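Reading through the structure tokens given below for one structure.
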Amino acid sequence: MTDIDSRPAHAATTTPAPAVAPAPSGWGDPFPLGLASFGISALVLSTVMSGLIDPLATPAVLSLALSLGFLTELVAGIIHFQRGETFPGLVFTAYAGFWLSYALLVQFYGPMVTADAAAITGMFLLAWAIFSTYMLLAALRTNLTTIVIFTLLCAVFYLAAFGAFFESAGLGHLAGYLLIADAVVALYASAAIIVNTTWERTVLAVP
């Protein structure tokens, strides 16, 4: 008698249920989406800020600021909050607000300013520099890549703010070049997260 014949009758006649992969629960990681949204928007803006592209091309930046910088970062931030992740949730929703306010300022409200335009622009940028500074303090508990992103972003906002206050094109251009570097780091981090996730191993290291 074989082993299968020696099993109890109900075991011998029972057909095992086919294995079914469990349905995914919760939300996927929105961090690479938020980083990509920021990186792409910032990269295009930085080419204008640095003087590499004529400022007359700014409307192209505004289209990204609204559709990608604002809308997509907002989605990423809301998903982070839903997952109980306050730091990235605040990062992406707050900077979504930056992109929307930037687009509104440049396209609609900035041209209405008839006095102290340089001062109010400088204050706009300085406020974001202050916000970025305390976000950098929080980022010190994360990883080196995030710290670099916020360090560069703080430098960008402070340089752009004082460039506006003093009406210095040189400071504005320097801020633009630093923003190029910041955008590249953000895009690399986005690429690393999604590539490592799909390959299920470390392909691109994230220090």
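The values are calculated or read from the model by the stated rules, or taken from the named source; none is laboratory data. This structure is a prediction, so every number in the text was calculated from the model and none was measured. FYI the Cβ positions are ideal-geometry reconstructions off the backbone, even for glycines, and counts take in every protein chain you see. Surface areas here come from the heavy atoms of the whole protein model, side chains and all, with no ligands, DNA or RNA. Shrake-Rupley method; radii C 1.70, N 1.55, O 1.52, S 1.80 Å.
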If one compares the long axis through the Cα atoms of helix 117-139 with the longest principal axis of the Cα atoms of the chain, the angle in degrees, nearest 10, works out at 30
Between the Cα axis of helix 86-104 and the main Cα principal axis of the chain, the angle (0 to 90°, nearest 10) is 40
Across V48, V61, V106, the residue with the highest GNM fluctuation in the chain (Cα network, 10 Å cutoff) is V106
For M49, M123, the accessible-area ranking with a 1.4 Å probe, largest leading, is M123, M49
Judged on accessible area alone, 1.4 Å probe, highest first, I78, I40 line up as I78, I40
In whole percent, the fraction of accessible protein surface over the chain that belongs to carbon or sulfur atoms, probe radius 1.4 Å, stands at 72
Computed about the Cα centre, the charge dipole of the chain from +1 Lys/Arg and -1 Asp/Glu charges at the Cβ has a magnitude in debye, to the nearest 20, of 160
Rounded to the nearest 10 degrees, the helix 31-49 long axis (Cα) sits at an angle to the longest Cα principal axis of the chain of 20
Projecting the Cα atoms of V113, W199, I130 onto the charge dipole of the range 73-207, where Lys and Arg contribute +1 and Asp and Glu -1 at Cβ, the residue farthest towards the positive end is W199
Whole-Å distance linking the alpha carbon centroid of the range 63-124 with that of the range 177-191 is 18
For the range 193-207, in residue order, the Karplus 3J(HN,Hα) values (coefficients 6.51, -1.76, 1.60; θ = phi - 60°; whole Hz; Gly and Pro = x) are 5, 6, 5, 5, 5, 6, 7, 6, 6, 7, 9, 10, 6, 10, x
Residue-normalised 222 nm signal for the chain, counting each DSSP H run of n ≥ 4 as -39,500 (n - 2.57), nearest 500 deg cm²/dmol, is -22000 deg cm²/dmol
Reported to the nearest 10 Å², R83 has, with a 1.4 Å probe, an accessible area equal to 80
Counting only protein heavy atoms and rolling a 1.4 Å probe, one gets per residue an accessible area for the chain in Å² of 56
Whole-number value, in Å³ per residue, for the convex hull of the alpha carbons of the chain is 166
For the pair F166 and V203, the simple spin-label estimate (label points 7 Å beyond Cα toward Cβ) gives in nm 4.5
Dividing the mean separation of Cα pairs under 8 Å (6+ apart) by the residue count of the chain yields a relative contact order in percent of 25
